[in-house]
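Below: the structure, in structure tokens.
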Amino acid sequence: SKHLTHTKDLSKNEIVTIFKYAKEFLDEKKRDDLRGKLIINIFFENSTRTRSSFEIAAKRLSADVVNLDVNRSSTAKGETLFDTAANLDAMGPDTIIVRHNRSGVPKILSKYVKCSIINAGDGAHQHPTQGLLDLFTLLQKFKTLEGKTIAIVGDIRNSRVANSDIELFTRFGANVILVGPPQFLPKTTLPTTYNLKEAINHSDAIISLRTQTERHKTPTFASLKDYAENFKITKEVIKDKDILIMHPGPVHRNIDIDDEVLEDERCLVLNQVKNGVAVRMGILKFLIEN
Ligand code: CP
């Protein structure tokens, strides 16, 4: 089976095909493409968007969906992750969608099962379907990323979304600037800055990120307010510049982005969520039919 554990699992042509499907699926109509197919969602970490988005995507394509409740599963009785996956695979799903707090889990599981594995986020490593829906959202507005500059702002070192976004955006021709305090910046060959205003002056779009305190080994700020003082996206920093504001969610309101900016027409947070269903429909159709 074909898997999606990393953005690099898909070629540019394959992504273009998925986006062609996704554009059709934006009409939110129910279709028959995956009738008779079985999709299992297994999320070992919390999720609002990704899990419901995959379930809705599968149902809009008429697939059957099983959501395994991890807290009530036999993992709690000591069953290993691999046995859990092998047992689910034995029930004949076409795809298992997995989220886990450890990097690399989806890739390892892909070697143990016959069905395709989709990574719905693994530790601080990858969130390929979020990267794809972010790319799709940018391409809806810009047509091409060639010559565009995108600033990624915040806790980049702990962000699987940033890793997926960076790989895809640069592959599609964008310049990427990383913006954050030193403790949030990864080792990178990309340009970095601590100066949000300066980055915004040079950028066509901003991806703001949530500070992921749950992944921090040592506290990085006295409080999120200290982060907000320098890195919150406010009307005052974006002024009336022609710039797009995105965030994968969940947003820390008035820490990552001001209420006012969340309501601004340049803010695409809910467009990302709407596009997420269509892009995941495209991904499911592409992986299952190939
Ligand atoms: N963007 C994202 O992955 O959100 P959830 O954690 O709610 O799925």
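Bear in mind that the values in this text are calculations on the coordinates, not laboratory data. This structure is a prediction, so every number in the text was calculated from the model and none was measured. Heads up, the Cβs are rebuilt from the backbone with ideal geometry, glycines too, and the neighbour counts pull from every protein chain shown.
Annotations
- With 25 Å as the limit, the listed pairs Lys187/Lys232; Lys23/Lys141; Lys111/Lys143; Lys107/Lys148 have Lys111/Lys143; Lys107/Lys148 beyond it between alpha carbons.
- Of all DSSP beta bridges in the stretch 1-150, antiparallel share, percent nearest 5: 5
- When restricted to Cα atoms, the stretch 232-286 yields an Rg and a Dmax of 13.4, 43 Å, respectively.
- Ascending count of other beta-carbon atoms within 10 Å, so fewest first, for Lys2, Lys20: Lys20, Lys2
- Span-rule helices in the chain, defined as complete DSSP H runs reaching 15 Å or more along the axis (Cα) with Kyte mean at least 0.5: 269-289
- Largest-first principal axis extents, alpha carbons of the stretch 39-114, Å: 34, 25, 23
- Neighbour counts of C-beta atoms inside 10 Å place Ser208, Ser74 in the sequence Ser74, Ser208, starting with the fewest.
- Computed over the stretch 1-160, the ratio Rg/Rh where both radii use C-alpha atoms and Rh is Kirkwood: 0.97
- Dimensions of the chain based on its C-alpha atoms, expressed as ranges along the principal axes with the largest first, amount to 54, 42, 33 Å.
- Rg to Rh, two decimals, where the stretch 169-268 supplies the alpha carbon set and Rh follows Kirkwood: 0.94
- The stretch 102-220 shape via C-alpha gyration tensor axes, a/c threshold 1.5: oblate
- Residues Ser223, Ser53, Ser62, ranked from the fewest to the most other C-beta atoms within 10 Å, line up as Ser223, Ser62, Ser53.
- Here the relative contact order of the stretch 52-147, from alpha carbon pairs under 8 Å that lie six or more residues apart, stands at 18 percent.
- Each part reduced to its alpha carbon centroid, the stretch 240-255 and the stretch 44-66 end up 25 Å apart.
- The stretch 119-195 versus the stretch 1-30: alpha-carbon centroid distance in Å: 19
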